[in-house]
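The values are calculated or read from the model by the stated rules, or taken from the named source; none is laboratory data. Because the structure is predicted, anything quoted here is derived from the model rather than measured. Neighbour counts are summed over all protein chains in view; Cβ atoms, including those assigned to glycine, are modelled from backbone coordinates with ideal geometry.
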Amino acid sequence: MKVAPSLLSCDFSKMGEEIQRVDRAGADWIHLDVMDGHFVPNLTIGPAIISAVRPYTKLPFDVHLMIDYPLDYIDAFAKAGADIITFHVEAKSDIQATIDKIKSLNIKAGLVIKPNTPAETVYPYLEQLYMVLVMTVEPGFGGQSFMADMLPKVTAIKEECAKRGLDVLVEVDGGISEKTASTASKAGVDVCVSGTGVFKAADTAAAIAAIQNA
Ligand code: DX5
Ligand code: ZN
């Protein structure tokens, strides 16, 4: 599996160095959590910060939008250096228009589902997607416990893609550690986001490798 360390758990006073630290430690992507205080009860970073830290690595930027109106900000995140943009099916922008906008800028598009949202909500869009992100915690905060009961959704999405001959990545986000990564791997997960599990680990490279090899 690929590992995308979530910057939500890094030292925000030196975000550039933190990115270099996980890059050197073997991270595959960098996961950036954007929150607007409406879609989730927390505020984090926006395009200005993403743009400022973009030069610190060549790794792909996996930008997870937890905002009510993603469509209004796709241009800004594209300009900031996003390689992959994922947004929630539960958000208020038109889903098709938002996918079209992301792809028109040559960025990879992904849909995200919260724990209470069924896997089937992404099925109408699978042909157009690079990735589906299945949340394994309620979005908003790092450091929560992994919800193993989300994994059947991962398997269902992978099976639906296989049935249609599609190669869509499935990512999970929330509560991933070495232990939970192995159950995620069995369910068919391709990419694990990990905030606390990577940034608070005593040995960053070992934590990343443990998830990759789980
Ligand atoms: C939660 C974010 C996650 C979060 C994961 O809303 O989407 O990316 O940072 O953090 P951990 O790995 O600590 O659960
Ligand atoms: Zn995230």
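General observations
- Of residues in region 1-15 being among the hydrophobic types (A, V, I, L, M, F, W, C) and under 16 Å from the mean Cα position of the chain (by Cα), the one surrounded by the most Cβ atoms within 10 Å (Cβ to Cβ): A4
- With respect to the conditions (1) within 15 Å of ligand 1 (Cβ to nearest atom); (2) modelled with pLDDT of 95 or more; (3) within 23 Å of L7 (Cβ to Cβ), A209 lacks only one, and its number is (1).
- When residues in region 131-175 are screened for being hydrophobic (A, V, I, L, M, F, W, C), in a loop (DSSP other than H, G, I, E, B) and within 16 Å of ligand 1 (Cβ to nearest atom), 4 of them pass.
- Of all residue pairs spaced 6 or more apart or on separate chains, none has beta-carbon atoms under 7 Å together with a first member in region 24-36 that is closer than 17 Å to M135 by Cα and a second member that is basic (K, R).
- Checked against the criterion of being within 16 Å of ligand 2 (Cβ to nearest atom), among the hydrophobic types (A, V, I, L, M, F, W, C) and under 14 Å from the mean Cα position of the chain (by Cα), the candidates I85, I45 yield just one match: I85.
- Inter-residue pairs, beta-carbon under 8 Å, first of a type in the set (A, V, I, L, M) and in region 38-62, second part of a helix (DSSP H, G or I) and exposed (fewer than 15 other Cβ atoms within 10 Å of the Cβ), 6+ apart: A52/G16; V53/G16
- Selection within region 1-29 - more than 11 Å from ligand 1 (Cβ to nearest atom) and of a type in the set (A, V, I, L, M, F, W, C): M1, F12, M15, I19, V22, A25, A27, W29
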